[in-house]
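See below for the structure under consideration.
The values are calculated or read from the model by the stated rules, or taken from the named source; none is laboratory data. Just so we're clear, the structure is a prediction, and the values are computed from it rather than from any experiment. When we count neighbours, we look across all protein chains shown, and the Cβ atoms used for this are built from the backbone with ideal geometry, even at glycine. All accessible areas refer to the heavy atoms of the entire protein, side chains included, with ligands and DNA or RNA removed. Shrake-Rupley method; radii C 1.70, N 1.55, O 1.52, S 1.80 Å.
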Amino acid sequence: MAGTEHSQKSTGWAATDTSGILSPFHFSRRENGSDDVTIKILYCGVCHSDLHSVKNDWGFTNYPVVPGHEIVGLVTKTGSDVQKFKVGNRVGVGVIVGSCKTCDICQQDLENYCPRVIFTYNSRDRDGTRTYGGYSDIVVVDQHFVLRIPENLSSDTCAPLLCAGITVYSPMKYYGMAEPGKHLGVAGLGGLGHVAVKFGKAFGLKVTVISTSPKKESEAINKLGADSFLVSTDPAQLKAATGTMDFIIDTIAAVHPLAPLLGLLKMNGKLVTVGLPDKPLELPIFPLVLGRKLVGGSDIGGMKETQEMLDFCGKHNINADIELIHIDYINTAFERLAKSDVRYRFVIDVANSLAMFRAVAWGPVIDPTKGFIPLPLNESNLVIQWPYDLLQDQRYSFSHGVHKLWVFNTDKPHTPVSKTNPRTEIRIEGYNYSSGVWQFEAFGYIPCGTSGVCVMQVFGSSPPHATTLMLRVYNGSLTYYREPVIIPNVYDKWFRLNVIHDVEANKVEVYINGILRYEAPGRGGTYHYFKCGVYAQDDSSYYMESRWKGIRVLKKCD
Ligand code: NAP
Ligand code: ZN
């Protein structure tokens with residue numbers, strides 16, 4: 001049912017495997033039903049759960065997955081039974097888009113705990129089709145799961161409230177953590193944590209941030225309003241704060257020890273965990289028993305409470321602190337999120353960046369590998385070339401699936417007899433070809449500053465040339481040889497590259513993120529093969545680097 005065609009066409013960005021790399025994806029949404037609203041998505045927050053999902057950290061991701069459950073947009077269609085919303089209304093959608101609506105739990109407005117809850121993405125919808133999230137242009141949602149956005153909140157900065165906001169608000173209410181004057185610890189200062197600090201202050205609590213990042217201290221206090229800041233890796237600071245907190249809300253996204261947190265609690269203290277690390281945490285029993293302490297959990301919130309939380313934010317002017325990004329920055333944003341390097345939530349400017357993306361497109365987003373079969377490729381097919389007088393690991397590394405290749409323009413050539421420029425390259429061996437339709441696919445990354453360099457080539461042509469295609473980088477643009485520019489702004493983000501060489505048709509095609517960006521004639525030659533890496537050209541920068549992952553060679557099926 002995953003590929004079922006519905007009537008409303010949609011474009012988004014999806015991860016297709018556990019590499020977690022997102023690229024453009026075409027799919028469809030169901031027709032707007034009588035209880036549905038169709039929403040044009042303006043903004044979508046980037047939750048750490050999105051990252052867990054695209055990487056299949058929890059083991060239940062179905063690919064392709066379009067993440068995103070912090071959605072703000074405008075209503076474009078309403079069903080005949082929809083009274084709550086009108087076309088043009090600004091609305092929000094969070095982590096859930098459905099539940100049974102009839103069980104005891106739903107009757108208590110706790111749809112989030114309904115056994116038949118439907119999540120905004122990576123879930124099975126009522127009709128058996130797959131749900132896709134907010135990194136996309138439109139979404140169709142049952143009105144019951146659509147929220148009103150208070151007028152004074154901005155669309156971009158309030159998007160994170162739809163998940164991060166309710167996830168910390170709900171347990172603070174349920175576990176009695178909103179009592180003025182009490183002392184709250186917030187463990188982990190990321191998307192959830194920074195909103196918890198703001199709620200804590202709005203409830204009149206004393207708030208201490210418990211963090212592994214000392215560099216977040218001054219902002220936590222001066223900008224977010226925390227009363228104090230504790231570095232959780234400093235035993236002296238932990239000791240000084242022993243037994244001082246009434247509650248801790250633990251938003252940490254990775255496996256971490258609970259003992260230090262339990263030690264910070266007073267007698268009868270409560271530790272509420274909302275973070276969802278991929279492996280179980282160890283629960284020390286003695287500090288629990290001896291201090292009559294409690295450990296609890298909580299999962300987002302029901303629809304009624306989510307609306308209450310949004311209205312509370314409207315009243316107290318609570319917004320998230322965000323870094324607004326374009327959709328094509330998402331792969332880099334995920335890398336930074338994994339390193340806790342975000343202040344404090346990435347939000348995608350979906351409407352503007354998807355539109356821009358289409359405007360510069362030559363054609364529609366497609367999967368260039370359709371009709372091709374991947375050929376077996378292992379390490380012996382990837383032959384590394386590097387300056388002959390150095391050791392390989394002085395110019396090349398391979399870690400977590402990423403090939404990193406670098407070279408200096410003062411380096412020696414790859415062999416003592418070669419008169420060519422310095423290079424560190426991967427040459428694909430075992431698949432030299434002289435006929436047929438061949439394809440190179442990989443995800444590439446060029447760090448800012450690398451310039452005057454060839455990063456990918458189709459080797460082989462008739463003299464006087466040596467290559468059929470060179471993709472180079474000059475001052476941040478990806479170019480066909482020296483010119484023209486194929487795409488601007490390639491620095492510091494992962495992009496999906498597909499190069500198709502049709503030998504008989506004498507044609508090469510270059511796809512970036514699934515869009516045909518360049519077509520060029522072939523240049524003859526008796527045989528060809530693919531290469532990627534860094535090969536210095538004219539006007540090269542002193543240092544050149546490129547990174548590659550997911551390298552594949554494919555051949556068109558006969
Ligand atoms: P986030 O923005 O990445 O923030 C998590 C913070 O945890 C980081 O900023 C970092 O803060 C801290 N941290 C990360 N790795 C750590 C480590 N190894 N040891 C100690 N601290 C570490 O993530 P988020 O979007 O707030 O989400 C946090 C977690 O909540 C995720 O696991 C997410 O899946 C889960 N979540 C749960 C629900 C729910 O309903 N229960 C809803 C949404 C999200 P410092 O730099 O301050 O140390
Ligand atoms: Zn979330």
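Scanning region 38-53 for residues that are closer than 19 Å to V91 by Cα and open to solvent by less than 10 Å² (accessible area, probe 1.4 Å), which turns out nearest to ligand 2 (Cβ to nearest atom)?
Step one: list which residues in region 38-53 are closer than 19 Å to V91 by Cα, which gives 38-47.
Narrowing the set further to residues that are open to solvent by less than 10 Å² (accessible area, probe 1.4 Å) leaves 38-39, 41, 44-47.
Values: T38: 22, I39: 18, I41: 16, C44: 11, G45: 8, V46: 9, C47: 3 Å.
Per the stated criteria, the residue is C47.
Can you tell me which residue within region 97-117, out of those that are surrounded by fewer than 20 Cβ atoms within 10 Å (Cβ to Cβ) and β-branched (V, I, T), is nearest to I166 (Cα to Cα)?
I105
Of (1) away from ligand 1 (no atom under 16 Å from the Cβ); (2) modelled with pLDDT of 95 or more; (3) among the small types (G, A, S); (4) open to solvent by 10 Å² or more (accessible area, probe 1.4 Å), S19 satisfies all except one. Which?
(2)
Do the conditions hold for N32, that is, is it open to solvent by less than 60 Å² (accessible area, probe 1.4 Å) and under 27 Å from I149 (Cα atoms)?
On the way: open to solvent by less than 60 Å² (accessible area, probe 1.4 Å): yes; under 27 Å from I149 (Cα atoms): yes.
So N32 passes the test.
Can you confirm whether V186 is within 16 Å of ligand 2 (Cβ to nearest atom), in a strand (DSSP E or B) and β-branched (V, I, T)?
Numbers: within 16 Å of ligand 2 (Cβ to nearest atom): no; in a strand (DSSP E or B): yes; β-branched (V, I, T): yes.
When the stated conditions are applied, V186 does not pass them.
Select from region 376-386 the residues that are in contact (Cβ under 8 Å) with a residue 24 or more places away in the chain and open to solvent by 40 Å² or more (accessible area, probe 1.4 Å) and write down the one among them that is nearest to H414 (Cα to Cα).
First, the residues of region 376-386 that are in contact (Cβ under 8 Å) with a residue 24 or more places away in the chain: 377, 380-386.
So of that shortlist, the ones also open to solvent by 40 Å² or more (accessible area, probe 1.4 Å) come out as 377, 380, 383, 386.
Values: L377: 23, S380: 19, V383: 12, W386: 5 Å.
The qualifying residue nearest to H414 (Cα to Cα) is W386.
Just checking, does region 300-307 include any residue being open to solvent by less than 70 Å² (accessible area, probe 1.4 Å), touching a Lys or Arg at 6+ places or on another chain (Cβ under 8 Å) and over 20 Å from G191 (Cα atoms)?
Step one: list which residues in region 300-307 are open to solvent by less than 70 Å² (accessible area, probe 1.4 Å), which gives 300-303, 305-307.
If we keep only those that are touching a Lys or Arg at 6+ places or on another chain (Cβ under 8 Å) as well, we get 305, 307.
Then keep just the ones that are over 20 Å from G191 (Cα atoms); that gives none.
Checked against the condition, which is being open to solvent by less than 70 Å² (accessible area, probe 1.4 Å), touching a Lys or Arg at 6+ places or on another chain (Cβ under 8 Å) and over 20 Å from G191 (Cα atoms), region 300-307 yields no hits at all.
Every residue in region 506-534 that is at pLDDT 95 or above, open to solvent by 10 Å² or more (accessible area, probe 1.4 Å) and of a type in the set (G, A, S), please.
Correct list: empty.
Out of (1) within 22 Å of K493 (Cβ to Cβ); (2) within 16 Å of ligand 1 (Cβ to nearest atom); (3) of a type in the set (S, T, Y), what's the single condition that is false for T11?
(2)
Residue by residue through region 234-260, note down the ones that are within 12 Å of ligand 1 (Cβ to nearest atom) and closer than 17 Å to L205 by Cβ.
Answer for region 234-260, where residues must be within 12 Å of ligand 1 (Cβ to nearest atom) and closer than 17 Å to L205 by Cβ: I249, D250, T251.
Quick check on my filter: what residues within region 161-183 are within 16 Å of ligand 2 (Cβ to nearest atom) and small (G, A, S)?
The first filter runs over region 161-183 and keeps only residues within 16 Å of ligand 2 (Cβ to nearest atom), leaving 161-171.
Result: A164, G165, S170.
With a cut-off of at least 3 residues that are open to solvent by 20 Å² or more (accessible area, probe 1.4 Å), modelled with pLDDT of 95 or more and over 11 Å from V186 (Cβ atoms), name the strands (runs of 3 or more DSSP E) lying wholly within region 200-279.
Numbers: elements: 206-211, 228-231, 245-250, 265-273.
By residue number, 265-273.
Out of all the residues in region 397-430, which are farther than 25 Å from D17 by Cα and of a type in the set (S, T, Y)?
Selection gives T410, T415, S418, T420, T424.
If I filter region 96-108 for residues that are in contact with a Lys or Arg (Cβ under 9 Å, 6 or more places away or on another chain), in contact (Cβ under 8 Å) with a residue 60 or more places away in the chain and within 17 Å of T131 (Cα to Cα), do I get at least one hit?
So far as region 96-108 goes, no, none of its residues is in contact with a Lys or Arg (Cβ under 9 Å, 6 or more places away or on another chain), in contact (Cβ under 8 Å) with a residue 60 or more places away in the chain and within 17 Å of T131 (Cα to Cα).
Tally up the residues in region 90-100 that are in contact with a strand residue (DSSP E or B) (Cβ under 9 Å, 6 or more places away or on another chain) and away from ligand 2 (no atom under 16 Å from the Cβ), please.
Step one: of region 90-100, the residues in contact with a strand residue (DSSP E or B) (Cβ under 9 Å, 6 or more places away or on another chain) are 90-99.
Okay, now just the ones that are also away from ligand 2 (no atom under 16 Å from the Cβ), so 90-91, 98-99.
Total meeting the criteria: 4.
Please go through (1) in contact with a Pro (Cβ under 8 Å, 6 or more places away or on another chain); (2) modelled with pLDDT of 95 or more for V365 and return the number of the only condition it doesn't satisfy.
(2)
Of the residues F85, F25, F60, only one is open to solvent by 30 Å² or more (accessible area, probe 1.4 Å) and either in contact with a strand residue (DSSP E or B) (Cβ under 7 Å, 6 or more places away or on another chain) or not assigned by TED's automatic domain parsing to the domain that holds F145 (or both); which? Walk me through it before giving the result.
Numbers: F85 fails: open to solvent by 30 Å² or more (accessible area, probe 1.4 Å); F60 fails: either in contact with a strand residue (DSSP E or B) (Cβ under 7 Å, 6 or more places away or on another chain) or not assigned by TED's automatic domain parsing to the domain that holds F145 (or both).
Checking each option against the conditions leaves just F25.
Can you find a residue in region 353-373 that is in a strand (DSSP E or B) and open to solvent by 20 Å² or more (accessible area, probe 1.4 Å)?
Just the residues of region 353-373 that are in a strand (DSSP E or B), to begin with: 372-373.
Filter once more, keeping what is open to solvent by 20 Å² or more (accessible area, probe 1.4 Å): 372-373.
Yes; the residues of region 353-373 include at least one that is in a strand (DSSP E or B) and open to solvent by 20 Å² or more (accessible area, probe 1.4 Å).
Would you check which residues across region 403-455 are of a type in the set (V, I, T) and either open to solvent by less than 20 Å² (accessible area, probe 1.4 Å) or farther than 21 Å from T468 by Cβ (or both) and list them?
At the first step, the residues of region 403-455 found to be of a type in the set (V, I, T) are 407, 410, 415, 417, 420, 424, 426, 428, 437, 446, 450, 453, 455.
Correct list: V407, T410, T415, V417, T424, I426, I428, I446, T450, V453, V455.
Here is a list of conditions, (1) free of Cβ contacts under 8 Å to residues at least 40 places away in the same chain; (2) within 30 Å of W494 (Cα to Cα); (3) buried (at least 17 other Cβ atoms within 10 Å of the Cβ), and V93 meets all of them except one; can you say which number that is?
(1)
Name the single residue that is most open to solvent (accessible area, probe 1.4 Å) among those in region 474-499 being in a strand (DSSP E or B) and within 19 Å of T332 (Cα to Cα).
Looking only at region 474-499, we keep the residues that are in a strand (DSSP E or B), and these are 474, 477-480, 485-487, 491, 495-499.
Then drop every residue that is not within 19 Å of T332 (Cα to Cα), which leaves 477-478, 487, 491, 495-497.
Values: S477: 22, L478: 2, I487: 20, Y491: 49, F495: 10, R496: 27, L497: 2 Å².
Per the criteria, the residue is Y491.
With the requirement that a residue be of a type outside the set (F, W, Y) and crowded, with 20+ Cβ neighbours inside 10 Å, what does region 119-136 give you? I'd like the intermediate steps shown before the answer.
In the first step, residues of region 119-136 are kept if they are of a type outside the set (F, W, Y); the result is 120, 122-131, 133-134, 136.
Those that are of a type outside the set (F, W, Y) and crowded, with 20+ Cβ neighbours inside 10 Å: T120, N122, T131, G133, G134, S136.
Please state which of the following conditions S155 fails to meet, knowing it meets all the rest: (1) out of contact with any strand residue (DSSP E or B) (no Cβ under 8 Å at 6 or more places or on another chain); (2) farther than 22 Å from E31 by Cα.
Failing condition for S155: (1).
Count, please, the residues in region 28-55 that happen to be near ligand 1 (Cβ under 9 Å from one of its atoms) and either without any contact (Cβ under 8 Å) to a residue 60 or more places away in the chain or small (G, A, S) (or both).
Residues of region 28-55 that are near ligand 1 (Cβ under 9 Å from one of its atoms), as a first pass: 45-53.
From what is left, the residues that are either without any contact (Cβ under 8 Å) to a residue 60 or more places away in the chain or small (G, A, S) (or both) are 45, 49, 53.
Residues meeting the conditions: 3.
Of the residues E305, E282, only one is acidic (D, E) and part of a helix (DSSP H, G or I); which? If you could, list the steps in order and put the result at the bottom.
Values: E282 fails: part of a helix (DSSP H, G or I).
The unique qualifying residue is E305.
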